[in-house]
Amino acid sequence: MTFSTKQAAHGFTLLELLVAVAIFSVLSAMAYGGLRNVIDNSQQTDLTMQRLQEVQLAVLKISRDFNQLANRSIRDEYGNDQDYLVSSEGGDIFVEFSRNGRRNPAELQRSHLQRVAYKLEENQLYRLDWPHLDRPQEMQPYESVLLSDVESASVRFLDTNNEWHDQWPPLNTNLQASDLSESLTAIEVTLELTDWGEIMRIYRISS
C-alpha cells in the first residue's frame, strides 16, 4: 500500500501583510511623534535655561555696578566736568556713573575706579566702560551686549525727602555737588523684557 503525504505551505496572505504594514506604520508614527516631542521639549528647556543664565548674569553685573557707586566726578572728552552720576531721559545712554571695585588681576598701575554707562539700542542693553576716568577725545569706551530682547530700560532716583526723580541731578535743583551725593538714598533700575516682562531692582546708596 502506498501512502502520499501533503505538506501544507504556511505563509502570510497579501491582506495580512497589508494589515501588518499598516499597524507598523501607525506605531512608527506614534513613536516618532513622541520622540519629536521629547526633542522639542529638551530644546525648549535648553533655550529657557540659556535665557535664565543671560538674565541672571546681566542683573548680577548691574547690581555690582550700582552697589559700588563712587562719588568721583570726571572730565569728559570735551574737557567738561561731569558729576559722578549723570542720568537723563532721551538718548541711547540713559545713565553714566563712577564706580569702585575695578578688577586688576594683573596688578597694573591703575586706579581701582571705573567709569561705566548703560545704553539701550535696538532692543539690546549695552554696558560701556572707559579705560580711564578722565578721558581724552580719542578715547572710546568698550561696549558689550549685556542683555537682548529688552523693550525698555529706565532708572529712578530717591532722595532724602522720599521723592523719586526720573533724572539725576534733579531738574531745578539748587544743591551743590556734595549735597547732591548726600541727598541720594536709592536707585531703581527697571528692565522690560519681551519674554519675561518687568524686572526691577532697587539699590540702596550709602552716604
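The values are calculated or read from the model by the stated rules, or taken from the named source; none is laboratory data. Because the structure is a prediction, the values reported are computed rather than measured. Positions of Cβ are backbone-derived with ideal geometry, glycine not excepted, and every protein chain shown enters the neighbour counts. The accessibility values were calculated without ligands, DNA or RNA, using every heavy atom of the protein model including side chains. Shrake-Rupley method; radii C 1.70, N 1.55, O 1.52, S 1.80 Å.
Going by what's in this entry, would Ser63 be described as in contact with an Asp or Glu (Cβ under 8 Å, 6 or more places away or on another chain), of a type in the set (Ser, Thr, Tyr) and modelled with pLDDT of 80 or more?
Spelling it out, it is not the case that Ser63 is in contact with an Asp or Glu (Cβ under 8 Å, 6 or more places away or on another chain), of a type in the set (Ser, Thr, Tyr) and modelled with pLDDT of 80 or more.
In the range 153-167, how many residues are within 24 Å of Tyr126 (Cβ to Cβ) and over 12 Å from the mean Cα position of the chain (by Cα)?
Total meeting the criteria: 7.
Only residues that are open to solvent by less than 70 Å² (accessible area, probe 1.4 Å) and touching an Asp or Glu at 6+ places or on another chain (Cβ under 6 Å): list them for the range 66-104, please.
Of everything in the range 66-104, those that are open to solvent by less than 70 Å² (accessible area, probe 1.4 Å) and touching an Asp or Glu at 6+ places or on another chain (Cβ under 6 Å) turn out to be Ser73, Ile74, Gln82, Val86, Arg99.
Which pairs turn up if I take residues in the range 168-195 that are of a type in the set (Val, Ile, Thr) and look for partners that are at pLDDT below 85 and open to solvent by 60 Å² or more (accessible area, probe 1.4 Å) with beta carbon separation below 6 Å, at least 6 apart in sequence or on another chain?
Between residues of the range 168-195 that are of a type in the set (Val, Ile, Thr) and residues that are at pLDDT below 85 and open to solvent by 60 Å² or more (accessible area, probe 1.4 Å), there is no close pair.
Sort out which residues of the range 146-173 are among the β-branched types (Val, Ile, Thr), part of a loop (DSSP other than H, G, I, E, B) and either open to solvent by 60 Å² or more (accessible area, probe 1.4 Å) or touching a Phe, Trp or Tyr at 6+ places or on another chain (Cβ under 9 Å) (or both), and write them in order of number.
Thr160
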